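Engineer: Sending over a structure as structure tokens; questions will come in a sec.
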Amino acid sequence: MSEEKLRKEAVRRRLAGESPEEIAVSLGRTARWVRKWVARHGDEAHDEGWAEGRSRAPHSSPTQIDDGLRHQILAARERLVANPRAQYGSLAIQWELRRLGVDPIPPARTIERVLQRAGVSRPRRRQAGYVSKGVPYPAPMSVEPGATHQIDMVGPRHLFGGVEFHALNLIDVGSHEVGNDIIEVVRPPLIAASLAGIWSRVGMPTVAQFDNHANFRGGIQPAYQHFGPVVATCLDLGVTPRFIPLREPWRNGIVEHFNDVWDKSFFRTEVFAGVGHLRTENAAFIAFHNTHHRYAAHGGGTPAAIWDGRLRNPLSVDYQPPTRLPAQGRIEVVRYIRSNRRVDLFGKRITVDENQTHQYVTAIIKVRAKKVIVVNLDGEIIHNDAYELSRILR
């Protein structure tokens, strides 16, 4: 007897007064099965197909996308792959879809699933990174959102017509939120004003971490140590400027990685009509990154999700960077002591004892006191001396 006939037989016998248990034993089914089909017959007696089997699959699937969107995802990736200088990961594809007017933008996981099913996904290419020497490094002061900003510049880059510009990029270590600005003329006072503008949008940190470029640190003079407008702005606002070791850019690895994302997922994928167009699209890309890019470090959360409900410390949009070095605050400089026993502090060279070599130390320049102390990882002061500071900015 077919399954459909068994169901009809069970209902007939039950309507004739036989108990569900007796019917179940006779037909090799359960009493629950009998009650189910009796109830189905009662609800759908008007439907002659009430005893037919039905698929248990859901009527709709939240993971299914239409063929049109699937084609747009694959076409966007194909265009990006054709550009040897572009990235073609999920964020780059999302940005490309946004440029094409796709709304809403599909989640990164949906894009990855489409690529995988189409057989065009590739393992993420990872560049050879820093190989640790096994030497302990000073721990960051804090990795809470808003505590530490890594700051760097990309450029020079050029638009058609030879227009030159730089991008000042900032990333919050604790949330991966990005802020940036397009700078046409690279001069330290303009960089300081640009940094202040970014801080008016994303909030000020406790520590601002830079590499040792003169645009950030200031000029070097033989008699006095001169710092520039960027350092002066940090000190004026109560932010501690921190400089990473010489020739170790990976110490600012988070912003270095974003520099690559900005360059290959944004700048290299579009032709800009001019600086105005670039600025407009750049602002859109930064906002897009902060609301769409998911980081494994945050359990798949976006920077915007990390900041949801948290308080910021925004700088006033009317703030003007100082024209002289404030007599307050501290400057931190991390250095690795090699066999020459020297600690290079922007023109001032300190020689330490031989037993302090082959380790990282932190030089703390106390601005008001015009002193510098050098501290090793154990917190031991291995040098304490005067540090001649000029109030003039260079």
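The values are calculated or read from the model by the stated rules, or taken from the named source; none is laboratory data. Computed from a prediction, not measured in an experiment: that's the story for all the values here. Don't worry about glycine lacking a Cβ; one is built from the backbone with ideal geometry, like all the others, and counts go over all protein chains shown.
Engineer: Take the residues of the stretch 285-323 that are touching a residue at least 24 places away in the same chain (Cβ under 8 Å) and small (G, A, S): which is nearest to Q87 (Cα to Cα)?
Structural biologist: Selected residue: A297.
Engineer: Here is a follow-up. Taking the condition of being in contact with a Ser or Thr (Cβ under 9 Å, 6 or more places away or on another chain), under 12 Å from I350 (Cβ atoms) and free of Cβ contacts under 8 Å to residues at least 40 places away in the same chain, how many residues in the stretch 374-392 meet it?
Structural biologist: Residues flagged as in contact with a Ser or Thr (Cβ under 9 Å, 6 or more places away or on another chain), under 12 Å from I350 (Cβ atoms) and free of Cβ contacts under 8 Å to residues at least 40 places away in the same chain within the stretch 374-392 amount to 1.
Engineer: Looking only at the stretch 225-257, which residues are aromatic (F, W, Y) and assigned to a helix (DSSP H, G or I)? Spell out how you get there, then give the answer.
Structural biologist: Going through the stretch 225-257, the residues aromatic (F, W, Y) turn out to be 227, 243, 250.
If the condition is that a residue be aromatic (F, W, Y) and assigned to a helix (DSSP H, G or I), then W250 is the only one that fits.
Each row is one residue, and each column tells you yes or no for (1) loosely packed, with under 12 Cβ neighbours inside 10 Å; (2) over 20 Å from the mean Cα position of the chain (by Cα); (3) closer than 23 Å to V239 by Cα; (4) not aliphatic (A, V, I, L, M).
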{"residue": "H289", "(1), (2), (3), (4)": "no, no, no, yes"}
{"residue": "H292", "(1), (2), (3), (4)": "no, no, no, yes"}
{"residue": "A297", "(1), (2), (3), (4)": "no, no, no, no"}
{"residue": "A305", "(1), (2), (3), (4)": "no, no, no, no"}
{"residue": "D308", "(1), (2), (3), (4)": "yes, no, no, yes"}
{"residue": "R312", "(1), (2), (3), (4)": "no, no, yes, yes"}
{"residue": "L315", "(1), (2), (3), (4)": "no, yes, yes, no"}
{"residue": "P322", "(1), (2), (3), (4)": "no, yes, yes, yes"}
{"residue": "A327", "(1), (2), (3), (4)": "no, yes, yes, no"}
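Engineer: Under the condition of being touching a residue at least 12 places away in the same chain (Cβ under 8 Å) and not in a helix (DSSP H, G or I), which residue from the stretch 258-273 is surrounded by the most Cβ atoms within 10 Å (Cβ to Cβ)?
Structural biologist: Result: F272.
Yes or no, residue by residue, for (1) among the β-branched types (V, I, T); (2) within 25 Å of V143 (Cβ to Cβ); (3) in contact with a strand residue (DSSP E or B) (Cβ under 7 Å, 6 or more places away or on another chain):
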| position | (1), (2), (3) |
| --- | --- |
| D260 | no, yes, no |
| K264 | no, no, no |
| E270 | no, no, no |
| V275 | yes, no, yes |
| N282 | no, no, yes |
| F288 | no, yes, no |
| H292 | no, yes, no |
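Engineer: Hey, another quick one. Somewhere in the stretch 348-371, is a residue at pLDDT below 95, crowded, with 17+ Cβ neighbours inside 10 Å and closer than 26 Å to R187 by Cβ?
Structural biologist: Yes: the stretch 348-371 contains one or more residues that are at pLDDT below 95, crowded, with 17+ Cβ neighbours inside 10 Å and closer than 26 Å to R187 by Cβ.
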